[in-house]
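Input: a single structure, listed below in structure tokens.
The values are calculated or read from the model by the stated rules, or taken from the named source; none is laboratory data. Note that the structure is a prediction, hence the values are computed from the model and not measured. Positions of Cβ are backbone-derived with ideal geometry, glycine not excepted, and every protein chain shown enters the neighbour counts. Accessible surface areas use protein heavy atoms only, side chains included; no ligands, DNA or RNA. Shrake-Rupley method; radii C 1.70, N 1.55, O 1.52, S 1.80 Å.
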Amino acid sequence: MSKWYPKKGRVIFHVDMNSFYASVEMAYNPELKGKPLAIAGNPEERRGIVVTSSYEARAKGVKTTMPLWEARRLCPDLIVMRPNFNRYRKASKEMFKILSEVTPYIQPVSIDEGYMDITECQQQGTPPEIAEKIQQRILNELDLPCSIGIAPNKFLAKMASDMKKPLGITILRKRDLPQKLWPLTVESMYGVGSKTATKLNQVNIQTIEDLVRADLYTLKRLLGINGERLQNRAKGIDPSPVDPDAIYEFKSIGSSETLPHDTTNESEIKRLLRQLARNVARRVKRKQAVGQTVQLTIRYYNRKTITRSLKLSEYIETEDDIFAISVDLFEQNWNGEPIRLLGTTLQDVMEKKDVAQQLDLFTYENEANKEKLYMAIDQLTEKYGKNPFTNISSSEENDQPRTSFQKDFLDDYFR
């Protein structure tokens, strides 16, 4: 047992659900099993893209973020379903509940993956035995497959979980790196995006081993402090702890959406800005938070993208406030060209309980004047079930999140 649990080291799992959204739909409807399935939003519109797909669809070339028209061309018999976020939240919560019965040291990082520190779990068996029990419980109780990476740190555990899917259990020790990790392309390394990979390729760093052998000064000049961080990870060095409290850290809350068509129609643009403000405000309320900076993202027809922000003197949280500032930013910065995408983000976000707002006399009078109105609205909402002053278009809107759902699920964690 001692060889599995070193006195000075750690034993980390990375649990990664396989094709999560598609797998959840198959668990609800077993007739979908073995068929090419894609989960996608708005199949009838241009912004319809593949969110995830079954392994049967992936075998035909269907990939995440691929436009639906292309996915259907590659796989004519593709079954397309809209996402059911309530199902995914429920499945995620049950999955993390199973993990929490093994150890309290769990760090969720998205709706379908998380880290576990099992260093103190010797009495439950060896790490491979514990991993197999977890995998089988999730499969038997939820009918969902997962892969698990076992390693001495989070980075290596993450890389290990990607090495065998679906239903894989992979051990990646530091002594295994020259054979298992270093021959891989640098693009396949967790933390290396396409832009970073291009920069590394330009200085002849093609594999992870090339990154390990690279001159540190060159890496820092190329990527800044991130260059050293990536090289350390490639060497198997990652001291970051499994932090259960990390799920409560958030600094921004945003929502963005691609328009069905490029447009210069101001009414259509402002309708979308209102919707985005509503999405952000809903999530802010769910997190019991406030923010001090509003950022607007505009992507034009030619994919040129700009971001503009305004920092306020006080914290805000309401749909109307977020919308008003978004419109101001838009009117000040739009160049009149057709718009493809808009995004609104509330930044410098803090939980309400952590904000001690210093009210001057004017602010106090404003807040005091609004208090009776807020109380009346709350009473009517409690009586009729929904804010009666919400406009008609708001009442028709689907309450399911449109963006950032991967982080929204954390609101449910441990409830």
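Looking at segment 219-265, which of the residues that are among the β-branched types (Val, Ile, Thr) and not in a loop (DSSP other than H, G, I, E, B) is farthest from Met350 (Cα to Cα)? Quick ask: steps written out before the conclusion?
Filtering segment 219-265 down to residues among the β-branched types (Val, Ile, Thr) leaves 225, 237, 242, 247, 253, 258, 263-264.
Checking which are not in a loop (DSSP other than H, G, I, E, B) leaves us with 225, 247, 253, 258, 263.
Working: Ile225: 27, Ile247: 14, Ile253: 10, Thr258: 28, Thr263: 35 Å.
Selected residue: Thr263.
Residues in segment 9-21 that are closer than 19 Å to Thr103 by Cα and in a loop (DSSP other than H, G, I, E, B) were compared, and the one that is least open to solvent (accessible area, probe 1.4 Å) is Val11. On the given criteria, is Glu44 more than 26 Å from Tyr190 (Cα to Cα), acidic (Asp, Glu) and at pLDDT 90 or above? Judged against the criteria, Glu44 is not a match. Of the listed requirements (1) open to solvent by 10 Å² or more (accessible area, probe 1.4 Å); (2) modelled with pLDDT of 90 or more; (3) aromatic (Phe, Trp, Tyr), Tyr300 misses just one: (1).
Total residues in segment 164-218 satisfying the condition of being in a helix (DSSP H, G or I), closer than 30 Å to Ile138 by Cα and touching a Pro at 6+ places or on another chain (Cβ under 7 Å): the figure is 1. Contact annotation: residue pairs with Cβ atoms under 6 Å, 6 or more positions apart or on different chains, pairing a residue in segment 211-233 that is of a type in the set (Gly, Ala, Ser) with a partner that is surrounded by fewer than 19 Cβ atoms within 10 Å (Cβ to Cβ), are Gly227/Lys220. Scanning segment 256-293 for residues that are small (Gly, Ala, Ser), open to solvent by less than 20 Å² (accessible area, probe 1.4 Å) and under 24 Å from Gly48 (Cβ atoms) turns up just one, Ala277. In this structure, does Ile253 turn out to be aliphatic (A, V, I, L, M) and either open to solvent by 70 Å² or more (accessible area, probe 1.4 Å) or modelled with pLDDT under 95 (or both)? Criteria met by Ile253. Applying a threshold of 6 Å to beta carbon distances and a minimum spacing of six or more residues, or different chains, the list of pairs starting in segment 329-346 at a residue that is touching a residue at least 24 places away in the same chain (Cβ under 8 Å) and part of a strand (DSSP E or B) and ending at one that is surrounded by 13 or more Cβ atoms within 10 Å (Cβ to Cβ) and basic (Lys, Arg) reads Arg340/Arg299; Leu341/Arg299.
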